[in-house]
Structures are given as C-alpha cells and as structure tokens.
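Each reported figure results from applying straightforward, stated rules to the coordinates on display, with no laboratory input. Note that the structure is predicted; figures quoted are calculated from it, not measured. With ideal geometry, Cβ positions are generated from the backbone for all residues, glycine too; neighbour counts draw on all protein chains shown.
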Amino acid sequence: MADKTNVNEWVESPAIDNDNIGGISLQENVMRPPAVNNAFREMMAQLRAFFKSNLFRLRDNADETKLAAFDLSNIPTATTRTYNLPAASGILALKSEIGVPSIAISASVSANALTISLKGADGNDPSASNPVNIAFRNPALATGTPVNLPVTAASSLLISSGSTMGFANATAGRLWVVGFNDAGTFRLGAVNVRSGSDIMPLRDGINSATAEGGAGAADSAQVIYAGATVSSKAMTILGYMDWSAGLATAGTWAIVPTTIQLFGIAIPLPGEVIQSKRTSVSQLASGNTTVPLDDTIPQINEGFEFITVAISPYAASNLVNATAKGYYAFDVDNAFVAQSIFRDATANALATSGTFMPFNGSACEILTDVSVLAATGSSTTFRVRTGAQIAGNIQINGSNGSRRYGGALNSFIEVKEIMA
C-alpha cells in the first residue's frame, strides 16, 4: 500500500493494513532491528504534526455556548474540530471524569452570619454567559437517566447568626454542602452529619431539606437545611467546609472555614474509614497497679499500661474510633479487673470495661470501645491501662506466669479515623 506519511492515513480496521509508517515496512519478517527505532521516531513526528494542526473541543449540547477545550501547551492551532456531546450528559460530568471541576463553592461571613455560595469554576456567580451545569439523578427512582440542571443565576444559602447547625463552642466542626433539583429550581443546602459519636449517612439520591428559618431556627445536627423547604427531591453532594478549631461561640459565624473541599473522586463520604492504626501484643506481660472499684472515672495513673497506638488524623472534624481487646489473668481470688482506654495525658479514661474473676488464675477477655472527635490533625496516642481493685499481679496473654498458645493469643488496640 501507499506510504503512510501522516496520522490521517492510518487505518482503523483492519489493523493489518497499517503495513508501513513513512515508508518503513511493518510487515512480518521484514523489519530489521535498525528500522524499529526509525519507525518509532516517524510515529512520534507524525503524532506531533497531527496535534499541532488540530485542537480538539467538546461541545455541550445542553449549552451551545460552552466548550471544553483540550489545549496543548505551546502548540499553535490551525484547525479546530468540535465534537458534540449528548445533551443529557452535560459538561460537568465530562470535566469531572478528567479531573477538572466545573463548579466551585465559597463561604463568606458578615454580621456573624455565614453565606455559602455556588460559583462557576472561574470563581464568579453563575449567569447566562457563565452557566454551571449540575448533574442529578432522575427524580423517578425507577428511571436511571440523569438530569442536567443548568444554573444561570447567583445561588447562595444564608446560615443566620444564632443558628448553630449542631456545632458546640470551640469544637471542630464540618458542614457538608449539597444541591437540590427542586422541580427545576436549584437550591443549596448544608448539614452537619455528626451528632456526638453518631454519623448520619449522606449519599446522592432523593432527599428533603428543612427551611433554614432565621436566627436559632437551624440548630440541629443531622438535619439538612436549605433556603426553603424541599420535599423528596433529587440531591447531589457538592463538597464540605471545615472549621478545624470550631467557632468560639456556636452560632456566631465570625470566621470563614479553614478548609473548603469540592466533592469528587477519592473524597470519602460520611461514615467511611479513612485510615486505621493497630498495635498487637502477643508476649506475656504483667503489672500490679490497682484501679479502684468505685463510682469515679478511672485515672491515667491507675492500672498498668499494656498497649499504645498513635494516629495522626487527616482532619480535626473527623471521628476516631478506638477498640481494645485484652486477654488477662489475675493471681488473687475475688477480683474485679477493669480495662480502660486513655488519650494522650488526659487524666480521665475515655471508656472502661471490666469483669469479675472469682479465683486465683481466672482468665478472661475484655473488650472496650469508644468513639471521640479527632479534634486535631497532629499525632495523638491512645493507651490501654488495666488493673484490679485489690493488690495483686495482673497478666496479659497468659496466666500463672506463663504465656498461652505460643503467641497466637494476642491483645490489641485498633484506632480508625472515620469521615464525619
């Protein structure tokens, strides 16, 4: 066949017809070793020439004025080729796939109120000339076709001064920002998904929102608030905003978020485990520090410290769950053994579990579990301390002075950071 001197002459099918490149034969049992290098060099030259003369653009049929261009740096363009996308797909979906967000969210404070705003990727308000296309699921649950909603006017949500959104004073907090397709009207919403150690699930789908309502009317965690009541409409997650040290006074929105994060690929959803740290011990160890059996919180100088683990949370607004399991034996009759989890040098135990051991050599397994706010992005250490209410020797991973099960029996503490 004729020499293939540019990309336009390459054959898609059948591939065997690509029998040469720039006159260099690609046929079986013909190419000599020196020709391999030359063939690659010719291919590179042809590709460079092709991209130099072609700029590919993708047009969103839902908005004929909006184009996404795959620009190639420092390459002049002689020809522009435009390819149409199906109207239902929207440019947002395309840009999300290639990692280029087509929206932004911002926050501002004034008179101790918080304003959350939807912006275009250029940071400006949506408008007819700067539309923001947002993809929603279909409002009919049995229909899988997506709905593209162009936002062509400024859109914001006001969290009034006095509305706490479930925040506590001087405590790290997070607001998730969502959008609703309210029968063709776009509405911003926000929610604090954490209440104590409980996390509300948050997923794209059909959801409802409560009207923000003014000062003091948006005080609950795990309630989605919007500028107006929304009932069972398609919702999509847009991102979240963190206040790593919280607000000095909950409901006084005097500072902007320390972090604003758009939602997308690799961003965990509420309730998902972000990281896990675990320390296991299988050797015999013993201690003899007591833990009073009374109505006081165990203290960090009580009991013997058997295991520790350190973790550096990604965000102060997340939860940390600590689970400790120890196998113990005690060498005195009629003892109550308590296992507690402590954090750093804080005096009070976070949680305590225990069991009664009726006689010398009794053995038991104790499980303790607790979830707390991360409250920091720095390293923090969780400690397992165990003791009985009477003097005696408590042993871990064995009894009567001997290890049990050759190291297969082990005690541990595991700490998981959970997205909130």
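Structure notes:
- Segment A285..A248, full-extension length gain: 8.8 nm, with 0.36 nm per residue of separation and the alpha-carbon distance subtracted.
- Computed label-point distance, nm, for sites A183 and N169 using a 7 Å Cα→Cβ extension: 4.4 nm
- Sites A228 and N348 - FRET efficiency at Förster radius 51 Å, r taken between beta-carbons, to 0.05: 0.70
- Using a Förster distance of 51 Å, the FRET efficiency for S156-D19 (Cβ separation, nearest 0.05): 0.25
- For region 15-50 and region 301-333, distance of Cα centres in Å: 65 Å
- Residue-span extension gain [S197 to F40] - 0.36 nm each, minus C-alpha spacing: 50.6 nm
- Per-residue Cβ neighbour rank within 10 angstrom, fewest leading, V337, V109: V109, V337
- The chain - percent relative contact order, Cα under 8 Å, separation 6 or more: 13 percent
- Computed from the C-beta positions of T355 and L269, the FRET efficiency with R₀ = 35 Å rounds to 0.40.
- Spatially proximal aspartates and glutamates relative to K416 (Cα-Cα < 18 Å; intrachain offsets below 8 disregarded): D198, E272, D344, D369
- Selected from E42, E305, E365 as most flexible by GNM, with the chain as the system and alpha-carbon contacts under 10 Å: E42
- The calculated 222 nm mean residue ellipticity attributable to helices in the chain amounts to -2000 deg cm²/dmol, summing -39500 (n - 2.57) over DSSP H runs of n ≥ 4 and dividing by all residues.
- Extension gain for the segment L141 to I297, taken as residue separation times 0.36 nm less the Cα-Cα distance, is 51.1 nm to one decimal.
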